[in-house]
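Following: one structure in structure tokens, then a few remarks.
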Amino acid sequence: MSKLTDCPSWQALASKANEVAHMRSLFATDPQRFNRYSLTAAGLMLDYSKNRIDQNLFGLLMELARDCDIKGKTQAMFRGDIINTTEGRAVLHTALRAPANADIRVDGVNVVNEIQTTLAQMEQFVDSVRDGQWKGYTGKTITDVVSIGIGGSFLGPKIASEALRPYWSDSLKCHFVANVDGTAITEKLKLLDHETTLFIMSSKSFGTQETLTNTLTARDWFLAAGATQADIASHFVAVTSNVAKATEFGIDAANIFPMWDWVGGRYSLWSAIGLPIAMLVGMDNFRAMLAGAREMDEHFLNAPLEVNMPVIMGMLSVLYTNFHSAQSHVVLTYDHYLRGLPAYFQQLDMESNGKHVTLDGQVVDYSTGPVIWGGEGTNGQHAYHQLLHQGTALIPADFIMPLQSHNPVGEHHAQLASNCFGQTQALMQGRTYEEAYAELASSTLSDADKALIAKHKEMTGNKPSNTLLMDKLTPQTLGALIALYEHRTFVQGAIWDINSFDQWGVELGKTLGNDVLERLGNDTPATELDSSSNALINLFRQGHI
Ligand code: F6P
């Protein structure tokens, strides 16, 4: 028994979670249910009334949050305490969007000063490229920016750029290369003119194999097209916390934008890692995105638990993960510009909370991070919503939609909204056997067949969902939305007493991969590993099965 599962509020949740009435009856008996279980913050509206909660259970969730000192842990994070204990680091992605006059110290130094200096460096660079002052080595202006990075050095910039498509400048195109598969960089380089292309190499560690390999290939392409080593400074910049390695690689010191070890990769799009976003939408819109995140930060820091959006979403996820055995959580974005957001939240949440030991190294006796997946609505309705409605797994869902479209055309947005809201309603109320049978009344089926088909059409309902609305998808609301999910992730990790900010689990694969790479290049067959790895290596070496 761990101190968490030994906690009275945890034990009360374990005994009460399954006693909550079906949501159908909860709505039938409380006309004020939506008003009771919805709130607005930082330009977002959360409707969490379609969840398996009543007043008592919601109170127990808040009691658990108090028992786990969520408020104290939140303040510690914002203050710069060393909460990433296995790497001895603070966790200060929130400082990246703090006001310029804030005082947030790491090792006694106010980091806000260097953050503001870097933002100014970013602004100067972005403006010079966007207004044509920055020239390539043949004197031409830049038309294409290529961001090379992976994980948090790719997903954040790519997803946020995609989400802010209505704000892009017309003069600049941005491309993203992440995978080490040669196809990714090759297909991209086909589109580019080396005289008007600028590469942004983003790697916090400056040690990620994929990013280094892709950057070397880009550099070879650039030089093979007729440029010289001296021309690299006009076409390659780097974002990294490892300035020494970037300089050694050949990036001009003036073209290196700093990162800090107290910003995790999956929390870094607010830093210079976000340069591709700023290149496309301009620094004013990038700063507006920071401001939206800041608004959510203020809400998270100051709102009482019961009306705190990240706390409510985090605790609801704990409810389903730990008291309803939910193994996954689906994010459904009813907005084409947000189609990539579920992939971003995958790294944010799964690399943060995919852990199995507590901060003091005890193996947990409860579930931790669920699988995060999803996609854009309405596409998912024609792909996996069948499982959400009638499968055996309970999969809590988040529906995200702006009320106003950037592209109002005909009835499209009303139809999008009707699907979004209709899905949450169907998940909640389901369809009883009687209702299904009644729908078959006019069919020519025999009574026995009607009874059989009705059983197949029955839907239990009581499937939980959150609906997040915003007026419009803007830099501000996007910033608030991403910050909301960062803090939702934090709340869950704080309840589970895990370190949400390291990622030791990804080290072994990299190490073994490097060993395999060496064996792939050997003249002699691989024999020392397990028979599968040996066989796979040897099949690659022979080039056919
Ligand atoms: O997946 C491991 C990881 O370290 C992520 O946390 C990070 O976002 C990604 O690799 C890229 O790391 P870097 O920015 O150091 O190249």
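Some notes on this structure:
- Hits in segment 131-165 - residues which are farther than 28 Å from Glu210 by Cβ and surrounded by 15 or more Cβ atoms within 10 Å (Cβ to Cβ): Lys135, Thr141
- Given (1) surrounded by 15 or more Cβ atoms within 10 Å (Cβ to Cβ); (2) more than 18 Å from Gly152 (Cα to Cα); (3) away from the ligand (no atom under 16 Å from the Cβ); (4) not acidic (Asp, Glu), number of the condition Leu517 does not satisfy: (1)
- Beta carbons closer than 8 Å, at least 6 apart along the sequence or on distinct chains, pair a first residue in segment 492-513 that is on the phi < 0 side of the Ramachandran plot with a second that is more than 9 Å from the ligand (Cβ to nearest atom) and of a type in the set (Lys, Arg) for Gly493/Lys355; Ala494/Lys73; Trp496/Lys355; Ile498/Lys355; Asn499/Lys355; Ser500/Lys355; Phe501/Arg89; Gly505/Lys355.
For every residue, the table says whether it meets (1) open to solvent by 60 Å² or more (accessible area, probe 1.4 Å); (2) closer than 30 Å to Pro157 by Cβ; (3) in contact (Cβ under 8 Å) with a residue 24 or more places away in the chain.
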| residue | (1), (2), (3) |
| --- | --- |
| Asp349 | no, yes, yes |
| Asp365 | yes, no, yes |
| Asn379 | yes, yes, no |
| Gly391 | no, no, no |
| Asp398 | no, yes, yes |
| His412 | yes, yes, no |
| Leu416 | no, yes, yes |
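- Members of segment 494-514 found to be within 16 Å of the ligand (Cβ to nearest atom) and either buried (at least 23 other Cβ atoms within 10 Å of the Cβ) or of a type in the set (Asp, Glu) (or both), listed by number: Ser500, Phe501, Asp502, Glu507
- Flag not set for Asn84, criterion: open to solvent by 10 Å² or more (accessible area, probe 1.4 Å) and modelled with pLDDT of 95 or more.
- No other residue among Leu452, Leu468 is in the same structural domain as Ala42 (by TED's automatic domain parsing) and either modelled with pLDDT of 95 or more or part of a helix (DSSP H, G or I) (or both) apart from Leu468.
- Given (1) among the basic types (Lys, Arg); (2) closer than 28 Å to Cys7 by Cβ; (3) crowded, with 19+ Cβ neighbours inside 10 Å, number of the condition Arg79 does not satisfy: (3)
- Pairs with Cβ under 9 Å, 6+ apart, first in segment 304-318 and outside any helix (DSSP H, G or I), second surrounded by fewer than 24 Cβ atoms within 10 Å (Cβ to Cβ) and polar (S, T, N, Q): Asn308/Asn302
- Number of the exception - Gly369 against (1) assigned to a helix (DSSP H, G or I); (2) within 16 Å of the ligand (Cβ to nearest atom): (1)
- Exclusive hit being at pLDDT 95 or above and under 25 Å from the mean Cα position of the chain (by Cα), set Gln32, Gln11, Gln55, Gln75: Gln75
- With respect to the conditions (1) open to solvent by 10 Å² or more (accessible area, probe 1.4 Å); (2) farther than 22 Å from Ala494 by Cβ; (3) not aliphatic (A, V, I, L, M), Lys355 falls short on a single one, namely (2).
- Residues in segment 520-534 that are surrounded by 12 or more Cβ atoms within 10 Å (Cβ to Cβ) and farther than 25 Å from Thr211 by Cβ were compared, and the one that is nearest to the chain's Cα centre (by Cα) is Ser533.
- Residues of segment 313-366 satisfying the condition of being basic (Lys, Arg) and touching a strand residue (DSSP E or B) at 6+ places or on another chain (Cβ under 6 Å): Arg339
- Filter result (in contact (Cβ under 8 Å) with a residue 60 or more places away in the chain, open to solvent by 60 Å² or more (accessible area, probe 1.4 Å) and either farther than 23 Å from Val311 by Cβ or in a helix (DSSP H, G or I) (or both)) within segment 1-13: Met1
- Just one of the listed residues (His487, His406) is part of a loop (DSSP other than H, G, I, E, B) and in contact with a Pro (Cβ under 6 Å, 6 or more places away or on another chain), namely His406.
- Verdict on Asp297 being more than 16 Å from the ligand (Cβ to nearest atom), among the charged types (D, E, K, R) and not in a loop (DSSP other than H, G, I, E, B): yes
- Here Pro99 passes the criteria (1) away from the ligand (no atom under 16 Å from the Cβ); (2) in contact (Cβ under 8 Å) with a residue 60 or more places away in the chain; (3) within 30 Å of Asp193 (Cβ to Cβ) except the one numbered (3).
- Residues that are in a helix (DSSP H, G or I) and surrounded by fewer than 19 Cβ atoms within 10 Å (Cβ to Cβ) within segment 63-72 comprise Glu63, Arg66, Asp67, Lys71, Gly72, listed in sequence order.
- Qualifying residue in segment 343-356 (condition: over 15 Å from the mean Cα position of the chain (by Cα), at negative phi and assigned by TED's automatic domain parsing to the domain that holds Thr392): yes
- Pairs, first touching a residue at least 12 places away in the same chain (Cβ under 8 Å) and on the phi > 0 side of the Ramachandran plot in segment 198-221, second within 14 Å of the ligand (Cβ to nearest atom) and not in a loop (DSSP other than H, G, I, E, B), C-beta under 6 Å, six or more apart: Phe206/Thr240; Phe206/Lys245; Phe206/Ala246
- Residue within segment 318-341 that is within 16 Å of the ligand (Cβ to nearest atom) and either open to solvent by less than 40 Å² (accessible area, probe 1.4 Å) or more than 27 Å from Gly375 (Cβ to Cβ) (or both) present: yes
- Arg488 passes every criterion in (1) modelled with pLDDT of 95 or more; (2) surrounded by fewer than 16 Cβ atoms within 10 Å (Cβ to Cβ); (3) among the basic types (Lys, Arg) apart from (2).
The values are calculated or read from the model by the stated rules, or taken from the named source; none is laboratory data. Treat the numbers as computed from the prediction; the structure is a model and nothing was measured. Ideal geometry is used to build each Cβ from the backbone, glycine not excepted, and the neighbour counts take in all protein chains shown. Heads up: the accessible areas ignore ligands, DNA and RNA and are worked out on the full protein's heavy atoms, side chains in. Shrake-Rupley method; radii C 1.70, N 1.55, O 1.52, S 1.80 Å.
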